[in-house]
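As structure tokens, the structure follows; a few thoughts come after it.
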Amino acid sequence: MRTMFNHNKQQAFTLLEIIIAMAISALIGVAAMTLLDDATIAHKNMQEKGNRYNQIERAWLFISNDIQQLAPRQFRDEFGDKKNNLFSDDLNGTTQLSFTRLGRRNPAGLARSNLEKLSYLVEEEKLKRISYAYPDGMNLEQGLNRTLLENVEALEVDFFDGEEWIDFWPVDTGIETQDGRSVNDLPVAIKISLQLKDIGLVERLYVVSDKRKKTNE
């Protein structure tokens, strides 16, 4: 009996061993929860960055599609004054790019022109695409205002006239074609720069026209 009692006593866990085992289990649990939290945060950050880059690419897609359909047509502003088909202006410190494009959607089959006047500008840290119901005689307040991208600090537009980059358009060279249009109705290329709060400077370059073709007209 005494031998059996001593044997069972030796097989039992002491209080110290139980406390040590509980402490190890707690440490493993804390480590696992920490790893899980880190993985969850990393996954969330990846999703947010992915969504952000998708939003940026979507904005570039809108701009690219519009510029590729740029129409060689002058438009009239709200005062009836003629403007170049591509027009940049500084309104109250805000750089703006306005132009007329072809290929306006008309799913209802309405009797209207396929021309669409557009303006791009940044207001309240938002890149906005403003579409007008008519290509002539409308101002900013009358346009359909659509936000393409948020957290945008600034928009800059530069134009390459075949010789140098300039930050405004149109440029009058004094040279005209047979139909009375200026040779530099369109720049050779347009560079659009967006200063984003979270990423920094992003740029895209768009080829618009061939100066050699225009000078031979």
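Points to keep in mind about this one:
- Selection status of residue 25, within 30 Å of residue 186 (Cβ to Cβ), among the polar types (S, T, N, Q) and either out of contact with any Ser or Thr (no Cβ under 6 Å at 6 or more places or on another chain) or exposed (fewer than 10 other Cβ atoms within 10 Å of the Cβ) (or both): no
- Strands (runs of 3 or more DSSP E) lying entirely in the range 117-173 (those with 2 or more residues that are basic (Lys, Arg)): 126-131
- Tallying residues that are surrounded by 13 or more Cβ atoms within 10 Å (Cβ to Cβ) and either under 22 Å from residue 193 (Cβ atoms) or among the small types (Gly, Ala, Ser) (or both) within the range 121-144 yields 13.
- Candidates are the residues of the range 104-130 that are touching a helix residue (DSSP H, G or I) at 6+ places or on another chain (Cβ under 8 Å) and among the hydroxyl-bearing types (Ser, Thr, Tyr); the one that is modelled with the highest pLDDT is 120.
The values are calculated or read from the model by the stated rules, or taken from the named source; none is laboratory data. If you're wondering where the values come from, they're calculated on a predicted model, not measured in any experiment. Please note: Cβ atoms are built from the backbone with ideal geometry, for glycine as well, and neighbour counts cover all protein chains shown.
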